[in-house]
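Below is one structure, written out as structure tokens; the observations come after it.
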Amino acid sequence: NAGVTQTPKFRVLKTGQSMTLLCAQDMNHEYMYWYRQDPGMGLRLIHYSVGEGTTAKGEVPDGYNVSRLKKQNFLLGLESAAPSQTSVYFCASSNAGLDGYTFGSGTRLTVV
Amino acid sequence: LAKTTQPISMDSYEGQEVNITCSHNNIATNDYITWYQQFPSQGPRFIIQGYKTKVTNEVASLFIPADRKSSTLSLPRVSLSDTAVYYCLVGLINDYKLSFGAGTTVTVRA
């Protein structure tokens, strides 16, 4: 049982380049999330999804887009990367409930 | 989710008990208190949850006073491997959108 898998684990982008981060979960969870984590700022919610085909904005959605075409996958896209998007990105899934979140191991993204 | 306040960092030594207090003055009647733990280079993981009084599991204890305006996570006899960031969250049991804040960085030294 893999839980939540994020790919890639590391990536370096040049300013203006685009990329997609993939999150896959095998727990049949309804809800999926993308967070970013910066030093001293905890985890901030970028976008989330309450089910297949649905997405919603979180606290810091600007510069990102997401898609949830299949229940098990949640994609995070950066159309034109900026240095301010250098961060560690975490994906999570849950069936709701404060105690039910499962996180991936993170993607470390550097934009130069 | 209710706003929470917890210390930015705490230092401890192996074998000591670590107590992290979280303030949540505007907790609502139906809110639960939940703690997550995040090791370096990993995502957070659930460790304990409670509504009132005391909850204990194999990892930690959670103490909640009668007025529920604060809670204390207690880690008994910590080891180096307990070095992590600990997050306090307060909200409905079926909340589906979590806000983690900065958490408390606990550093355990030999």
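Below is a table of values for the structure above.
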{"quantity": "Output for the range A:17-43, where each listed residue is outside any loop (DSSP other than H, G, I, E, B), touching a Ser or Thr at 6+ places or on another chain (Cβ under 8 Å) and not hydrophobic (A, V, I, L, M, F, W, C)", "calculated": "A:GLN25, A:TYR31, A:TYR33, A:ARG36, A:GLN37"}
{"quantity": "A:THR54 vs. criteria surrounded by fewer than 20 Cβ atoms within 10 Å (Cβ to Cβ), without any contact (Cβ under 8 Å) to a residue 40 or more places away in the chain, within 14 Å of chain B (Cβ to nearest Cβ) and not hydrophobic (A, V, I, L, M, F, W, C)", "calculated": "yes"}
{"quantity": "Inter-residue pairs, beta-carbon under 6 Å, first free of Cβ contacts under 8 Å to residues at least 40 places away in the same chain and in the range B:93-108, second of a type in the set (A, V, I, L, M, F, W, C), 6+ apart", "calculated": "B:ASN94/A:ALA96; B:TYR96/A:ALA96"}
{"quantity": "Scan of the range B:38-63 for residues that are away from every other protein chain (no Cβ under 11 Å) and crowded, with 21+ Cβ neighbours inside 10 Å, ordered by number", "calculated": "B:LEU62"}
{"quantity": "Wholly enclosed strands (runs of 3 or more DSSP E) of the range B:69-110 bearing at least 2 residues in contact with a Lys or Arg (Cβ under 8 Å, 6 or more places away or on another chain) and at the interface with chain A (Cβ under 7 Å from one of its Cβ atoms)", "calculated": "none"}
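Coordinate-derived values only; no laboratory data. These numbers were taken from a predicted model, which means no experiment stands behind them. Cβ atoms come from the backbone with ideal geometry, glycine included; neighbour counts cover every protein chain shown.
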